[in-house]
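Here is the structure we will look at, set down as structure tokens.
The values are calculated or read from the model by the stated rules, or taken from the named source; none is laboratory data. Just so it is clear, the structure is predicted and the values come from calculations on it, not from any experiment. Here the Cβ positions follow ideal geometry from the backbone for every residue, glycine too, while neighbour counts run over all protein chains shown. Heavy atoms of the whole protein, side chains included, go into the accessibility calculation; ligands, DNA and RNA do not. Shrake-Rupley method; radii C 1.70, N 1.55, O 1.52, S 1.80 Å.
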Amino acid sequence: MNLDKLKKKAAWAALDYILPGTIIGVGTGTTVSFFIEALSTIKKIIYGAVSSSNNSTLLLKKNGIQVFNLQNFSSLPIYIDSADEINHQMQMIKGGGAALTREKIIAAIAKKFICIVDESKIVDVFSNFPLPIEVIPKALSYISKEIIKIGGQPKYRKNIITDNGNIIIDVYNLHIKDPVFLEKKINSLPGVVTVGLFASRSADIVLIGTRKGVKVIKKNKF
Ligand code: 5RP
């Protein structure tokens, strides 16, 4: 079975968690595109969505789902998004689609963060997928130097300007043993908008598309 089929399984399973009359936080990427397709089938019962990227906003609107402006929200009942990698503590690397900053804001205000992934995204330790950092353009050289100091290999992501007008540095060769510590450390560097480590605010529920069906992992209180 190809990965798209597994992504689709996880995406459609997320519909079970959508309550009528609510506004849904919606992430970005190919898995989320499947979720938006699924969401459009129940669009009459939801109030609308808050989107993490211009791409998702377009797709939501194309599917007839009303999109509200994130800047007017300090709380949302639910956020559905995917990840580039997720570990057994439900911490994630995100930002492959360059939407990490708005994704982090939505994750921060969401009461329930549901991560939808195919089984290939599950890892023991973050060491494979390059860690994205959104940086203001003037900080490119400084942040690259600081990243080398902590053992990473920074690579400027060419031809990408984020929805916030910034650039992305992808960091290779990191073996991340303490994601919470690294998230805080990189976020504290001047010029960093945000790092794509979602460790302090991890997911609450993970829906994993596998060959045998959808596996559900939940934090205790969910
Ligand atoms: C976008 C993200 C995505 O969730 C992540 O890149 C996964 O994407 P896909 O569903 O296409 O595999 O963080 O910034």
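So that you can scan it fast, the table gives a plain yes or no per residue for (1) crowded, with 22+ Cβ neighbours inside 10 Å; (2) of a type in the set (Lys, Arg):
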site: Ala83; (1), (2): yes, no
site: Gly95; (1), (2): yes, no
site: Lys104; (1), (2): yes, yes
site: Ala107; (1), (2): yes, no
site: Phe113; (1), (2): yes, no
site: Lys138; (1), (2): no, yes
site: Tyr142; (1), (2): no, no
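In segment 53-164, counting only strands (runs of 3 or more DSSP E) that sit wholly within it, the ones holding 3 or more residues that are touching a strand residue (DSSP E or B) at 6+ places or on another chain (Cβ under 6 Å) and more than 12 Å from the ligand (Cβ to nearest atom) span 76-81, 110-118, 153-156. Output yes when any residue across segment 30-42 is closer than 26 Å to Gly165 by Cβ, more than 15 Å from the ligand (Cβ to nearest atom) and out of contact with any Cys (no Cβ under 8 Å at 6 or more places or on another chain), and no when none is. Checked segment 30-42: no residue is closer than 26 Å to Gly165 by Cβ, more than 15 Å from the ligand (Cβ to nearest atom) and out of contact with any Cys (no Cβ under 8 Å at 6 or more places or on another chain).
Return yes or no: is Glu119 in contact with a Gly (Cβ under 9 Å, 6 or more places away or on another chain), of a type in the set (Asp, Glu), under 19 Å from Gly29 (Cα atoms) and open to solvent by less than 10 Å² (accessible area, probe 1.4 Å)? Spelling it out, it is not the case that Glu119 is in contact with a Gly (Cβ under 9 Å, 6 or more places away or on another chain), of a type in the set (Asp, Glu), under 19 Å from Gly29 (Cα atoms) and open to solvent by less than 10 Å² (accessible area, probe 1.4 Å). Within segment 43-70, being closer than 20 Å to Thr162 by Cα, in contact with a Gly (Cβ under 7 Å, 6 or more places away or on another chain) and open to solvent by 30 Å² or more (accessible area, probe 1.4 Å) holds for Val67, Phe68.
Of all residues in segment 165-213, those being free of Cβ contacts under 8 Å to residues at least 24 places away in the same chain and either in a loop (DSSP other than H, G, I, E, B) or among the charged types (D, E, K, R) (or both) number 8. State whether one or more residues within segment 198-211 are under 20 Å from Arg102 (Cβ atoms) and open to solvent by 40 Å² or more (accessible area, probe 1.4 Å). Within segment 198-211, one or more residues are under 20 Å from Arg102 (Cβ atoms) and open to solvent by 40 Å² or more (accessible area, probe 1.4 Å). Here segment 71-81 is the region considered, the condition is being in contact with a helix residue (DSSP H, G or I) (Cβ under 7 Å, 6 or more places away or on another chain) and surrounded by fewer than 16 Cβ atoms within 10 Å (Cβ to Cβ), and the residue that is nearest to Leu6 (Cα to Cα) is Ser75. With respect to Pro154, is the statement that it is crowded, with 21+ Cβ neighbours inside 10 Å, under 25 Å from Leu3 (Cα atoms) and at pLDDT 95 or above true? When the stated conditions are applied, Pro154 does not pass them.
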